[in-house]
Amino acid sequence: MRVAGILLAAGEGTRLGRPKALVELGGRTFAEHGVALLRDGGADPVLVVTGAVPVTLPGVVTVHNPNWTTGMGSSLATGLHALAETDVGAAIVALADQPLVGAEAVRRLIAAYVGGASVAVACYDGAQRNPVLIARDYWPNVLQLATGDTGARPFLRANADLVTSVECGDTGSPDDVDTDADLERVRAVATVRSEEKP
C-alpha cells in the first residue's frame, strides 16, 4: 500500500516576516527541502499544501488551501481531502519550517507502517515531533480534531495507545524556524553538516 507525503507550506511566516516556504537554505527553498525529504524517504505521491504564496515544484501535486489564514488544521484537512480519491493507505505529514529533518525519518515511519503501525510519530531523544504518519482509517478522526493552528496533535494526544514512537534523533533535527534567530541557527547547523560530509 502506497504512503503519500503531505508538506504543509501555507503559512505567511508572520514572526519571520516572510513566507517560510520560500526561505532559502543551502540554495534550496524550505518547500524544496520538504519535498525532497518526503520523496527521498519513499513517499509517493507528494502533495504541497499552499496558501500565502504559490509554490510550484516539478513532480509534486500542489493543493491550495483557501482557508490558510485559519491555521495548520485547515491545511492538514486540505491535504487529506486531496488524497481521498487515491489508493494510498497512509499519509506522512511534514512541515515546511523544519528543513533539517532527514529523509531517513520518513523511511523509518514507512517501515513502521509496513510492520503494522497505523499511527507513527518521529521522536527525537524520546520527544514526539514531526513528521507523523497516519493510516487512512484514522483520517476522519484527525479531521474532526484538526482546527485552528493545531494539526494532528489533538488526535495523537487523544489516541496515545495507537501511536508508535519511532526514534529519529540520529537522522536529523526537528528544529523549526519561526524567527530570524531560528533561521541563523538552522543555517549554522546546515553548514556544519555540509562540511562534515565526505
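Any read-out appearing in this document is the output of simple, stated calculations on the displayed coordinates, not a laboratory observation. Predicted model, so just to flag it, every value in this text is computed and none were measured. Methodologically, a virtual Cβ is constructed for each residue, glycine included, from the backbone with ideal geometry; neighbour enumeration extends over all protein chains shown.
Relative contact order of region 3-196: what whole-number percent is it, with Cα pairs under 8 angstrom and at least 6 residues apart? The partial results should precede the final answer.
Values: 401 pairs, mean separation 46.7, N = 194.
Taking the mean separation of contacting Cα pairs over the length of region 3-196, I get 24 percent.
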Practice problem: Report the antiparallel proportion of the DSSP beta bridges in the chain as a percent, rounded to a multiple of 5. | Solution: 35
Quiz item: Can you tell which of Y124, Y113, Y138 shows the greatest fluctuation in a Gaussian network model of the chain with Cα springs below 10 Å?
Solution: Y138
Self-check item: Alpha carbon Rg of region 59-198, scaled by the compact-globule rule 2.2 N^0.38 Å
Solution: 1.09
Exercise. Take every DSSP beta bridge with both residues inside region 100-198 and express the antiparallel ones as a percent of the total, to the nearest 5.
Key: 50
Quiz prompt | For the chain, built as a Gaussian network whose Cα springs stay under 10 Å, the top-fluctuating residue of A36, A111, A188 | solution = A188
Practice problem: Sketch the reach of a paramagnetic label on E85 as a point 7 Å from Cα along Cα-to-Cβ, and name the residues of region 54-72 whose backbone nitrogen lies under 20 Å away. | Solution: 59-67
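Tell me what the chain gives for mean residue ellipticity at 222 nm when only DSSP H runs of n ≥ 4 count, each as -39,500 (n - 2.57), the sum divided by the residue total, rounded to 500 deg cm²/dmol. Each step should come with its number before you reach the end.
Details: 6 runs with 64 residues, N = 198.
Taken over the chain, the calculation gives -9500 deg cm²/dmol.
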Exercise. With springs only between Cα atoms under 10 Å apart, run a GNM on the chain and tell me which of R129, R185, R107 wobbles the most.
Key: R185
Quiz item: Given the Cα-Cα distance of V189 and R15 and 0.36 nm per residue of separation, how much length would full extension add, in nm?
Solution: 60.5 nm
Quiz prompt | Debye log10 I(q)/I(0) for region 6-112, one point scatterer per Cα, at q = 0.10, 0.13, 0.14, 0.18 Å⁻¹ | solution = -0.25, -0.42, -0.49, -0.82
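May I ask you to list, by number, the DSSP H helices of the chain whose Cα span along the axis is at least 18 Å and whose average Kyte-Doolittle hydropathy reaches -1.0 or more? Can you show the working numbers first?
Numbers: long enough: 180-196 (24 Å, -0.63).
Helices meeting the span and hydropathy rule in the chain are 180-196.
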Quiz item: With charges only on Cβ, +1 for K and R and -1 for D and E, what is the dipole size of the chain about its Cα centre, in debye, rounded to 20?
Solution: 200
